[in-house]
Structures are given as structure tokens and as C-alpha cells.
Amino acid sequence: MSSRTLRSVRSGRRTTSSPSPLARRLPLVAAAVVVAGLATACGPSPAPAGSAVRAGTGTQAPERPADGTAPGASPEVSATASALPSSPPAASASASAPASASAAGSPPGTARSGGATGSGAGSGSGPGSGGTKPAPAAPTPAPAKVPGPGYDGSADARALLDAALRAAKSDGRMVLLDFGANWCGNCKAADKVFAQPATTALLADDYHLVKVDIGGDNSANSALLREYSPSGGTYTMPVLVVVTPSGTTRVDTHATGNPPLTADGINTFLRKWAP
């Protein structure tokens, strides 16, 4: 009896200190069951962890084996590997950084897509620019014709005056009526001054000169004199009358007296009454 008990105790010691091969396989089997349970709980996926397309590279990881078994790494390791950035995305980010910095530093008027540039506003040229062109300057009228010395007793003084007034309305000049006679010494002195270049230029620029002969028996010319120099009395020739384009008398030398019949005197008079 004691020998059997001793044998059982020894047998129990052997079992405790040296497990059998079957006992050693149980933990492995249990681990496999746990792994299979985790895979079943997570459900099938089109690609295993770590095989997703890598961001920025366009490269796909190796496909899951046909038998559906997981790659050698555990789920935790695979998740860690997929979270870590791979070298190609880092290189892509490094390559894109200068381009982003270049786009950020480009001037406001530069388009950043496709490298195309454009201006924020039109060049300002052409009909749609909105700029207004200055109005063309009015053409300078041609110099007026200055009649020569002397008085034409046969000329129609009224018709000459009407033509001068029409021209004055067009170009803004004054009309200068010169009433005189061919035998008048003062009239000849005035004619010499009118023929001088400086005085001729003043007359051509600012006046339409009409010479009216009042030294004869021309009643029409005498009536014209009284119309523009109505004060009457004895007239001292020449009588110089400045008339506006509308026919209004500005100055009558029969009333104010003649200027000195010299170049300075006549030129001063012409400048004073010019338009």
C-alpha cells in the first residue's frame, strides 16, 4: 500500500515538473483560436493592413494571399507600419514644398495654376480701355486778307461789310472799317503803316479790314459812315471803327480821336481792340 502511494506521488511530481507534449501544444492552439476570433470579428477586408495605397506615391502594397491568411505581422504591427510615413511621400512633400513656396511668393497678378500669368486689369489701350482722348484742337483759321493801299470808289462797301461780318462770325475776328479818301494825307500815312509787316500780321490775325471811300459823291458809302459813326459833324479822316461779329460798334475814332498814325500808335490801337 505504501509503495503504491509513493509511486503515485512520484508520478505526480513527474507530471508537474515535465509536462507532456500535448500540454505544450495547448497554448499554441489557444493563440491560434484567439487570432482566428479577432480576424472573424474584424471581418474580411479587400486588402490587409499595411497594403493600402500609400498617400502621395500611388503605389499599392502587396495583395493578400489567396488563402486569406494574414501576412506574418500581427494586427498591431501592421497598424503601426501603416501609420508610419514611408519615404516616397516624404520625398514627394519635399519636392512639392519649393513649388508651394514659389506659388505663395508669386505677385498678386500672377495666376498660380499651370504657370500662366495674367494681369488684373486691361492694358488701357483700345476702344474698351475707358480712357478719354482729348478733343482735337480747333484748326487755326487762315490769315484774313488785308487790302492794299487806297480806296476803291466803285466797290460795293455794303456788300464788303456783310461778307466781313459773316467771316467774323465764323472765325471770331473783329471787323475794322477804314473810312477815308485817296486825296487824304492822313489816310495815306495810315496806309503806309498798314503795309508794314508787323501791322499787316496784326490785321491778318485779328481783323477783317474793309476800306470805304467817302471822298467822292457816293451816297451809299456816306450813309454807311453815319450808320457806324452816328455822332455826325465834320469827320477827320481816316475814321476807324471796330465792329464785333454781331455788328456792334466797339470804338469809333470820330468820337474818341485817332491814334497816332505811326507804327507804334496804330499797332497799340489794333492790339487794344483785338478779340
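The values are calculated or read from the model by the stated rules, or taken from the named source; none is laboratory data. Quantities reported herein were computed from a predicted structural model and do not represent experimental measurements. Note that we place each Cβ from the backbone using ideal geometry, even for glycine, and neighbour counts take in every protein chain shown. Heads up: the accessible areas ignore ligands, DNA and RNA and are worked out on the full protein's heavy atoms, side chains in. Shrake-Rupley method; radii C 1.70, N 1.55, O 1.52, S 1.80 Å.
Quick look at the values:
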item: Residue match in the range 202-209 (condition: open to solvent by 40 Å² or more (accessible area, probe 1.4 Å) and of a type in the set (S, T, Y)); result: no
item: Cβ pairs under 8 Å, 6+ apart, first in the range 191-209 and under 21 Å from A155 (Cα atoms), second charged (D, E, K, R) and open to solvent by less than 40 Å² (accessible area, probe 1.4 Å); result: Y207/R173; H208/R173; L209/D178
item: When residues of the range 252-267 are limited to those that are buried (at least 17 other Cβ atoms within 10 Å of the Cβ) and more than 52 Å from the chain's Cα centre (by Cα), the one farthest from T199 (Cα to Cα); result: H254
item: Every residue from the range 179-200 that is of a type in the set (A, V, I, L, M, F, W, C), part of a loop (DSSP other than H, G, I, E, B) and surrounded by 14 or more Cβ atoms within 10 Å (Cβ to Cβ); result: A181, C184
item: Test result for P143, within 54 Å of the chain's Cα centre (by Cα) and not in a helix (DSSP H, G or I); result: yes
item: Lone qualifier among L161, L224, L203 - being part of a helix (DSSP H, G or I), within 22 Å of R250 (Cβ to Cβ) and touching a Lys or Arg at 6+ places or on another chain (Cβ under 8 Å); result: L224
item: Of residues in the range 219-244 being among the hydroxyl-bearing types (S, T, Y) and under 19 Å from A155 (Cα atoms), the one most open to solvent (accessible area, probe 1.4 Å); result: S219
item: Checking G216 against (1) crowded, with 16+ Cβ neighbours inside 10 Å; (2) touching a residue at least 60 places away in the same chain (Cβ under 8 Å); (3) touching a Gly at 6+ places or on another chain (Cβ under 7 Å), the condition it does not meet; result: (1)
item: Test for L270: is it in a helix (DSSP H, G or I), open to solvent by less than 50 Å² (accessible area, probe 1.4 Å), of a type outside the set (G, A, S) and in contact (Cβ under 8 Å) with a residue 60 or more places away in the chain; result: yes
item: Condition met for G247 (assigned to a loop (DSSP other than H, G, I, E, B), free of Cβ contacts under 8 Å to residues at least 60 places away in the same chain, open to solvent by less than 70 Å² (accessible area, probe 1.4 Å) and small (G, A, S)); result: no
item: Meets criteria (at pLDDT 95 or above, in a helix (DSSP H, G or I) and over 14 Å from D252 (Cβ atoms)) for V210; result: no
